[in-house]
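Asker: Quick one: the structure is below, questions incoming.
The values are calculated or read from the model by the stated rules, or taken from the named source; none is laboratory data. The shown structure was predicted, so the numbers you read here are calculated from the model rather than taken from an experiment. Positions of Cβ are backbone-derived with ideal geometry, glycine not excepted, and every protein chain shown enters the neighbour counts. Side chains are part of the model used for accessible areas, which takes the heavy atoms of the whole protein and leaves out ligands, DNA and RNA. Shrake-Rupley method; radii C 1.70, N 1.55, O 1.52, S 1.80 Å.
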Amino acid sequence: MRNSDVYIIIPVFNEAQTIRSVIESLLPMGYKIVVVDDGSTDGTINSLDGFRLFYLRHEINLGQGAALQTGITYALMMNALVLVTFDGDGQHSAGDVDNLIKPLLLNEADVVLGSRFLPSAFTNISFFKKEAIRVARLMNFLFTGVWLSDAHNGLRAFNSKAAAALDLKENGMAHASEILFTIHQSRLRIREIPASIYYTKYSKGKGQSVLNSIKVFFDIVLNRIFE
Amino acid sequence: MIMTAIQVILFAGLIFISIYVYRRFRNAIVDAFIIIAFIAIGIILVLFPELTTRVAHALGVGRGADLIFYLSILFFFFIILKLYARIRRLEQSITKIIRENSIASSKKMKGDNIE
């Protein structure tokens with residue numbers, strides 16, 4: 001397998017400030033890049049000038065889950081062998097992608113998740129967020145049966161079999177739990193690897209507030225009722 | 001028979017709703033029957049409020065108004081769940097259309113970076 005069989009899916013919503021540097025850090029590795037513009041209104045597309053990548057645009061803002069699913073569907077159509085999801089706000093580090101996809105290449109796992117809480121991962125997470133994630137991990141376990149060291153980490157890698165099993169119906173942030181649920185149901189082999197998260201003032205403003213996780217919780221509960 | 005003020009208000013409300021429903025949903029016959037039944041029951045209960053009290057007593061509730069109140073809560077909760085399910089379905093069909101559109105009009109952008 002070559003690096004050009006690896007598709008990095010970056011969902012973006014108004015990331016004109018950061019998307020250039022994110023892509024610049026990823027391109028030298030020769031991965032294919034799929035940017036899913038989830039209805040940005042800040043000219044995010046203009047920041048992509050001069051990059052070789054695939055650009056998809058949602059006409060209206062649907063949410064990160066919807067953008068990821070669009071990117072995944074598209075990459076599978078392009079015969080991607082490995083699919084990586086990567087945040088557009090610069091909190092992930094491109095150097096982690098190699099480690100992330102290694103277990104897939106060795107066929108030791110179908111899904112690899114980045115974790116900011118494994119030894120050797122760096123994170124400057126705030127106290128409250130850390131505690132909120134502790135609760136989210138427990139929620140994820142109760143609802144999906146998957147016990148992890150991290151929750152709502154946007155850095156993930158799937159082989160094509162795992163990606164094909166995904167059919168995300170949660171357009172919002174509850175997709176993170178939906179992914180775990182699919183992993184559990186499809187009996188996919190899972191692995192966590194340390195991955196650093198660099199919170200900047202910018203990514204904090206864009207990211208999930210602790211309060212918002214309550215809304216995500218209700219989304220998950222209602223999803224369970226209605227699916 | 002002389003109606004009290006609240007009876008006039010409720011009666012007018014029911015008449016207004018039935019005219020509105022009649023104009024909107026002329027086609028769905030089954031729905032129309034259900035709605036006519038509801039409105040008929042509503043009118044009867046407004047005109048003869050003692051009826052609700054008798055039913056309430058039979059069910060172990062003190063006042064007719066309380067019984068109506070409890071049933072309304074259940075009814076509206078049911079409506080909210082139905083609406084939520086409908087919104088989800090709508091959201092999913094919109095998502096499907098937008099996703100298909102975005103994939104059909106995907107752009108391969110060119111750049112100087114080496115592949």
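Asker: Which helices (runs of 4 or more DSSP H) sit wholly inside the stretch B:21-115 and have at least 3 residues that are within 14 Å of chain A (Cβ to nearest Cβ)?
Answerer: B:64-104
Asker: Let me ask you something else. Quick check on A:Asn14: is it among the polar types (S, T, N, Q), in a helix (DSSP H, G or I), more than 9 Å from every other protein chain (Cβ to nearest Cβ) and surrounded by fewer than 21 Cβ atoms within 10 Å (Cβ to Cβ)?
Answerer: It is false that A:Asn14 is among the polar types (S, T, N, Q), in a helix (DSSP H, G or I), more than 9 Å from every other protein chain (Cβ to nearest Cβ) and surrounded by fewer than 21 Cβ atoms within 10 Å (Cβ to Cβ).
Asker: Further question on the same structure: Restricting attention to the stretch A:109-142, which residues are in a helix (DSSP H, G or I), open to solvent by 80 Å² or more (accessible area, probe 1.4 Å) and over 20 Å from A:Ile179 (Cβ atoms)?
Answerer: Correct list: A:Phe127, A:Phe128, A:Lys130.
Asker: Shifting gears a bit: Out of all the residues in the stretch B:47-64, is one or more in contact with a Pro (Cβ under 8 Å, 6 or more places away or on another chain), farther than 30 Å from A:Gly39 by Cα and open to solvent by less than 100 Å² (accessible area, probe 1.4 Å)?
Answerer: yes
Asker: If you scan the stretch A:60-73, which residues turn out to be outside any loop (DSSP other than H, G, I, E, B) and touching a residue at least 12 places away in the same chain (Cβ under 8 Å)? Steps first, please.
Answerer: Quick first cut of the stretch A:60-73, residues outside any loop (DSSP other than H, G, I, E, B) only: A:64-73.
Correct list: A:Gln64, A:Gly65, A:Ala66, A:Ala67, A:Leu68, A:Gln69, A:Thr70, A:Gly71, A:Ile72.
Asker: Can you confirm whether the stretch A:143-155 contains a residue that is closer than 27 Å to B:Lys107 by Cα, assigned to a loop (DSSP other than H, G, I, E, B) and either of a type in the set (Gly, Ala, Ser) or open to solvent by 10 Å² or more (accessible area, probe 1.4 Å) (or both)?
Answerer: Of all residues in the stretch A:143-155, those closer than 27 Å to B:Lys107 by Cα come to A:154-155.
Filter once more, so that each one left must be assigned to a loop (DSSP other than H, G, I, E, B): A:154-155.
Next, only the ones that are either of a type in the set (Gly, Ala, Ser) or open to solvent by 10 Å² or more (accessible area, probe 1.4 Å) (or both) stay: A:154.
Yes, the conditions are met somewhere in the stretch A:143-155.
Asker: Check whether at least one residue in the stretch A:85-108 is under 30 Å from A:Val221 (Cβ atoms) and not in a loop (DSSP other than H, G, I, E, B), and report yes or no.
Answerer: yes
Asker: Collect the residues in the stretch A:25-59 that are without any contact (Cβ under 8 Å) to a residue 12 or more places away in the chain and outside any loop (DSSP other than H, G, I, E, B), keeping them in residue-number order.
Answerer: Of everything in the stretch A:25-59, just one residue is without any contact (Cβ under 8 Å) to a residue 12 or more places away in the chain and outside any loop (DSSP other than H, G, I, E, B), namely A:Pro28.
Asker: Across the stretch B:65-85, what is the number of residues that are open to solvent by less than 50 Å² (accessible area, probe 1.4 Å) and out of contact with any helix residue (DSSP H, G or I) (no Cβ under 6 Å at 6 or more places or on another chain)?
Answerer: 2
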